[in-house]
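Notes to accompany the following structure.
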Amino acid sequence: MSRLSLVPTPIGNLEDITRRALDVLRAADVVAAEDTRRSRVLLDHYGIATPLERLDGHTMEARAAGLLERYEHVAYVTDAGTPGVSDPGAELLRRAVAMGVEVEALPGPTAFVPALVLSCLPVARFTFEGFLPRKGGERRRRLAAIADARATTVLYEAPQRLATTLGELALACGDARKASISRELTKHFETTVRGTLGELAQRFGNGRVRGEIVVVVGPADPPELGDEHRRAVEALTGAGVRGTTLRRALEALGVPRNDAYAAALRYPEGADD
């Protein structure tokens, strides 16, 4: 049975690659690459002589099946990062699974994780949006979902579209929503800028920015409870009700589930105030 290895490659600094990834690239019968010119730089840097063949979004339909049938072990790399995340690797994976090919995905570099950490925004829950649709109703729906999200949102954007996206995010979420912009991660000119969406939209509004960009948007604030529900929280917590018991009691009184859950987090088991 043939085998496909999805091999993460550095997003900037060539030293950010695992020994296992290098071993797989050396052992494979062929390295299929989204961009052979960029991948050649990496292979030459580490003295890897494995044959290299192009396999990108334009050639996937015509060449993927043939490569998987012709070679016993195919290693796949994209321009940078982990194949399958906002790139043609996802389509190759689906085709390989449909053909019964054995698949492995190696752990390794990806841009959104360091950007999320560097944002200083909440990371316990987050949503990865990839690239937003460029226009139309689906883009508006995705922006509205980000505006309502109670978790941090991470998305990728191209330099020439950053100003437009920041402006639309500020309109959808409000100028005061906290966010960050990370660009050129792991490279010499790596930069992370934190602030509100209004501040970031103003700073990057001239469109003069280069490099790969990750936008991180903080979660929406929970809505204020009405007077009746607020009195219920005060009465229950005053009586010593906490945690899961508090959540269930509030839900039974008609408090929305998300708000009941948020109250239980504010007043966990064992809390005194």
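The values are calculated or read from the model by the stated rules, or taken from the named source; none is laboratory data. Quick caveat, the model's predicted, so the values are computed rather than measured. No Cβ is skipped: glycine too gets one built from the backbone with ideal geometry, and neighbour counts run over all protein chains shown.
The table for this structure:
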item	result
Residue list for region 215-261, filter: on the phi > 0 side of the Ramachandran plot and outside any helix (DSSP H, G or I)	Gly240, Gly254
Sole exception among (1) loosely packed, with under 13 Cβ neighbours inside 10 Å; (2) within 24 Å of Ala263 (Cβ to Cβ); (3) of a type in the set (Gly, Ala, Ser); (4) in contact (Cβ under 8 Å) with a residue 24 or more places away in the chain for Ala176, by number	(4)
Every residue from region 49-97 that is under 30 Å from Gly211 (Cβ atoms), among the charged types (D, E, K, R) and part of a loop (DSSP other than H, G, I, E, B)	Asp56, Asp79, Asp87
Residue check, Phe131 of a type in the set (Phe, Trp, Tyr), on the phi < 0 side of the Ramachandran plot and surrounded by 14 or more Cβ atoms within 10 Å (Cβ to Cβ)	no
Qualifying residue in region 149-158 (condition: assigned to a loop (DSSP other than H, G, I, E, B), surrounded by fewer than 20 Cβ atoms within 10 Å (Cβ to Cβ) and of a type outside the set (Gly, Ala, Ser))	yes
Any hit, region 98-117, residues being farther than 21 Å from Thr18 by Cβ, part of a loop (DSSP other than H, G, I, E, B), in the same structural domain as Leu143 (by TED's automatic domain parsing) and in contact (Cβ under 8 Å) with a residue 12 or more places away in the chain	no
Answer residue from region 185-213, given it is in contact with an Asp or Glu (Cβ under 8 Å, 6 or more places away or on another chain) and in a strand (DSSP E or B) and is surrounded by the most Cβ atoms within 10 Å (Cβ to Cβ) among those	Ile213
